[in-house]
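Report on the following structure.
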Amino acid sequence: MLVSGGFVYALDSDGIAVVTMDMPGQAVNTMNETYCDYMDETLNSIKADRDKLKGVIITSAKKTFFAGGDINKILEQKQLEAWDGAFELNMRLKKQLNELEALGVPVVAAINGAAMGGGFEICLACHYRIALELEAVVGLPEVSLGLLPAAGGIVRSVRLLGIQRAFPLLVEGKRFKAVAALEAGLVHELASNVDDMMLKARAWILATPQAQQPWFAKHYKIPGGDGFSPANAMMLAGAPAMLRQKTRGLLPAPEAILAVMAESSCVGYEAAMMIESRYFSELLRSPESTSLINTMYFQMNEISAGASRPSGIAKNKITKVGVLGAGMMGRGIAYSTALSGTAVVLKDISIENAEKGKDYSRQILAKALARGRKTQEQVDQILGLIETTESNEDLSDCDLIIEAVFEDVELKHKLTREIEPFLKPSCIWGSNTSTLPITLLAEAFSDPARFIGLHFFSPVDKMALVEIICGEQSGDDTLAYVYDYVQQISKSPIVVNDGRGFYTSRVFGSFCDEGLHLLSEGVNPAIIENIAKAAGMPVGPLSVMDEVEIELMRKVGDTNLELDRRLDQDFHSVHAKLQDLSKEMCELGRTGRGTGKGFYDYAADGSKSLWLGLAEKFGGTEVIPTEDIRDRLMFRQVIETIDCMRRGVLESARDANIGSIFGWGFPAHTGGTFQFIDWFGGEDAFAARAAQLEASYGSRFSLPESLVAIKAALDK
């Protein structure tokens, strides 16, 4: 047995070498220069035993097989602009895997856990892949970070599966659990445990002494042909347009991956590998990959690890949750909670209303059953976790109460006082609200330390984010508890402090507000909508107001005016145009999509068109530079985010970025509202452009003098 730094090499009496990857000082194995050193030493050991070697098994001593590329190293190369060094490292990785697959003896990947990115590229360089049935997950998700698989992943996948079958793996970055990977042809065999996996690996090596990669066989042809074959040519003719419709040209990675798939299929193996590396080098230099790596990898992992959760508090297991109100939000919260295996009491004013709320879960699960995504046993188990009631007594053993009734302070206060006497002393109270101050709502609860805000997004079962709002007296134990609950139901928590509109509602409102400023100034509404989408927003500001319902926004505006009077504040001015025009539209009977009339008219067949009356009301002939329209819509959101930081509502860049992307669809390619500053070109470039907008369009584009200080504090 040889221990080569982080790889253990052992040759048994049958001539089978087992290479166990176990990089020291790391929770997972990753691709970097150290890995390359270990692999070089391992290949040298294999070559030294060449005369007696019958085959090689590659596996891992860690819980996961291999995590992929070293993202820290990739980000370091980007920050240093070490492009030549990055290219050389990539070619070194390729050379090693090329050597591995051309050893002349069978090589088996024994996949004991997740093999993602570069980890699965190692597996693809092996002749045979065996995966643990319950533990293994494989995939090439680099597209989600604005990059592409560059250690031969695209070239080998296309030669293994063909262009069309490789599309979900490469362009979509789909992850495959072991059974699905077997069905897709990504692995050859499954094993029930590690011993079974190693026995199967040895048996295959001894039974297949002449193993080689299929694409090295004489007369081999890529399944489905190369990029010029009729079926592929037709697919490749339409795929770029399909991708452009989805990404709007803002995410270069999917298009680059598709290009490598097509081009590499038409050339020899060595040239194909070089094509892959050249495209990778281009993506490595892009600001989009920097933004996605920072936000979707590092910051998302920080949230998953509990970075915004108070430290030193033991992890909680929530066993029973009470949901008050079986309407749109309550029913979704109940379903998401039960789906996680947590018991739920769904309460409304009548058992009939509560059952109607449970029907939502029944309908979703019926569809999942019909599509084969759930078994009848699983459906029954989930539904069995939802207890419906009209009785307060049934809430007595709940660990957490989530109140999800209408946005009305007095109603919420009344319900809180009514329910609390039935709860156990340790029960936490969470209010689902998007607008009402948590400190104010907590006045009706006997212990404000156990009161906190939980802002879910609609539809709850599809939206991955929950905004946790700490009131002035919310305790650390309470915050930790609801943080654990949010993660328990497989959603991502961000943590903010109390403040009017909190973070997500306040900044999302500024997007709508700025759209209405543009409309009021006489800009053509179609231009406003299309430029917003071209910038990366899911829909334009007028369309999203129709979807949310203008009537709801009017009610929110009325509530905010009442709160302004009650609290002696002036929040109305933050979204004055939004609130004033929402009222005007509702007076015209145009209340949103639900009634078929808003900023758009909605036909019975589901189609829509901009309301012709907008031209009469606002004009629509004013010409404003396209870049001004775009930047006004985007900068307004970023500047409002900065103000949330200045006021202490936000305390971290990660919560700002993740909250904006998953909360209301801020363009992911920018990395989120705060990462946008760097994506745009840095603090100086951003501040200069903001000053131009302020000079031309008003003080809502002014930046606090402390922008640099705010950014420095958050970067720590």
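Values in this text are rule-based calculations from the coordinates and carry no lab data. It should be emphasised that the depicted structure is a prediction, and the values quoted were computed from it without experimental measurement. Here the Cβ positions follow ideal geometry from the backbone for every residue, glycine too, while neighbour counts run over all protein chains shown.
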Problem set entry | Under 18 Å from the Arg647 label point (7 Å along Cα→beta-carbon), backbone N, the range 466-504 | 467-473, 495-504
Seminar exercise, completed: Violations at 19 Å Cα threshold for listed pairs Lys358/Lys414; Lys62/Lys315; Lys358/Lys462; Lys320/Lys424 -> Lys358/Lys414; Lys62/Lys315
For this session: Calculate one ³J(HN,Hα) per residue across the range 379-395 by plugging θ = phi - 60° into the Karplus curve 6.51 cos²θ - 1.76 cosθ + 1.60, and present them in order as whole Hz with x for glycine and proline.
Result: 4, 4, 5, 5, 5, x, 7, 9, 9, 9, 7, 10, 9, 5, 4, 6, 9
Exercise. If we restrict to alpha carbons, what Rg and Dmax does the chain come to, in Å?
Worked result: 28.3, 88
For this session: Post the alpha-carbon centroid distance, the range 444-471 to the range 230-276, in whole angstrom.
Result: 43
For this session: Please work out how much length the chain gains when fully extended from Val179 to Lys462, using 0.36 nm per residue of separation minus the C-alpha to C-alpha distance, in nm with one decimal.
Result: 99.4 nm
Seminar exercise, completed: For the range 157-162, in residue order, the Karplus 3J(HN,Hα) values (coefficients 6.51, -1.76, 1.60; θ = phi - 60°; whole Hz; Gly and Pro = x) are 5, 5, 6, 7, 10, x
For this session: Determine the dipole magnitude for the chain: charges of +1 sit on the beta-carbon of Lys and Arg, -1 on that of Asp and Glu, nothing else is charged, the reference point is the Cα centre, and the result goes in debye to the nearest 20.
Result: 1820
Exercise. Of Ala532, Ile46, Asn112, whose Cα points farthest to the positive end of the dipole of the chain (charges on the beta-carbon: +1 Lys, Arg; -1 Asp, Glu; origin at the Cα centre)?
Worked result: Ile46
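Can you give the Rg to Rh ratio for the range 320-497, taking only C-alpha atoms and Rh from Kirkwood? Provide the component values of the computation, followed by the final result.
Working: Rg = 15.4 Å, Rh = 16.1 Å.
Rg/Rh for the range 320-497 comes to 0.96.
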Exercise. If each of Met91 and Leu588 carries a label point 7 Å out from its Cα toward its Cβ, how far apart are those two points in nm?
Worked result: 6.3
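Sorted by mean Cβ packing within 10 Å, highest first, what order do the peptides 123-131, 314-322, 244-252 take? Walk me through the numbers before you get to the answer.
On the way: 123-131: 25.0, 314-322: 16.9, 244-252: 15.0.
In descending order of packing, they fall as 123-131, 314-322, 244-252.
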Problem set entry | Degrees separating the helix 71-80 axis from the principal Cα axis of the chain, which is the longest one | 80
Seminar exercise, completed: The set of residues whose placed amide H lies less than 5 Å from the amide H of Cys398, leaving out same-chain residues fewer than 5 positions away, is Lys424
For this session: Please get the size of the charge dipole for the range 308-355, origin at its Cα centre, with Cβ charges of +1 on Lys and Arg and -1 on Asp and Glu, quoted in debye to the nearest 20.
Result: 400
Seminar exercise, completed: FRET efficiency (Ala314, Met234; Cβ distance; R0 51 Å; to 0.05) is 0.30
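Using 0.36 nm times the number of residues separating Ala534 and Thr621, minus their current alpha carbon distance, what extension gain do you get? Let's see the in-between values first.
Details: separation 87, 0.36 × 87 = 31.32 nm, distance 2.04 nm.
Stretched fully, the Ala534-Thr621 segment lengthens by 29.3 nm.
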Problem set entry | Nearest 10 degrees, 0 to 90: helix 476-488 Cα axis against the chain principal axis | 60
For this session: List every residue whose amide H lies under 5 Å from the amide H of Val323, counting only residues 5 or more places away in sequence or on a different chain, with H placed 1.01 Å from N in the peptide plane.
Result: Val345, Leu346, Lys347, Ile402
For this session: Treating the angle as unsigned and between 0 and 90°, give the value, to the nearest 10°, between the Cα long axis of helix 83-101 and the longest Cα principal axis of the chain.
Result: 50
For this session: Go through Lys63/Lys94; Lys174/Lys356; Lys200/Lys367 and tell me which ones have a Cα-Cα distance over 28 Å in this structure.
Result: Lys174/Lys356; Lys200/Lys367
Problem set entry | FRET E, pair Leu383, Ser696, Förster distance 51 Å, beta-carbon r, rounded to 0.05 | 0.35
Seminar exercise, completed: Here, Ala449 and Glu352, labelled 7 Å along Cα→Cβ, have an inter-label distance in nm of 4.4
For this session: Rounded to the nearest 0.05, what FRET efficiency do Ser520 and Gln569 give with R0 = 30 Å and r taken as the Cβ-Cβ distance? Could you check?
Result: 0.75
Problem set entry | Cα centroid separation, the range 501-524 to the range 70-134 (Å) | 46
Exercise. Mind ordering 172-182, 145-155 by average Cβ neighbours within 10 Å, highest first?
Worked result: 145-155, 172-182
For this session: Using Cα pairs closer than 8 Å and at least 6 residues apart in sequence, work out the relative contact order for the range 1-80, in percent.
Result: 34
Exercise. In whole Å, what are the Cα extents of the range 2-285 along the three principal axes, biggest one first?
Worked result: 56, 43, 34
For this session: Please name whichever of Val158, Gln378, Ala709 sits farthest to the positive end of the charge dipole of the chain, dipole taken about the Cα centre and charges placed at Cβ: Lys and Arg +1, Asp and Glu -1.
Result: Val158
Exercise. What net charge do the residues around Ala338 carry, taking every other residue with its C-beta under 15 Å from that of Ala338, with Lys and Arg at +1 and Asp and Glu at -1?
Worked result: 0
Exercise. In terms of Cα to Cα distance under 26 Å, which lysines are near enough to Lys583, apart from those fewer than 8 places away along the same chain?
Worked result: Lys412, Lys533, Lys555, Lys597, Lys608, Lys617
Problem set entry | Residues listed by number, the range 422-449, amide nitrogen under 13 Å from Glu393 label point at 7 Å toward C-beta | 422
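Please compute the contact order of the range 320-497 in relative form: average sequence separation of alpha-carbon pairs under 8 Å and at least six residues apart, divided by the residue count, as a percent. List each step's numbers first, then the result.
On the way: 343 pairs, mean separation 36.7, N = 178.
The normalised contact order for the range 320-497 reaches 21 percent.
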Exercise. Using a simple spin-label model with points 7 Å from Cα along the Cα→Cβ vector, what separation in nm is obtained for Asp601 and Phe406?
Worked result: 3.2
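Please compute the Kirkwood hydrodynamic radius of the range 78-201 from all pairs of different C-alpha atoms, in Å with one decimal.
15.0
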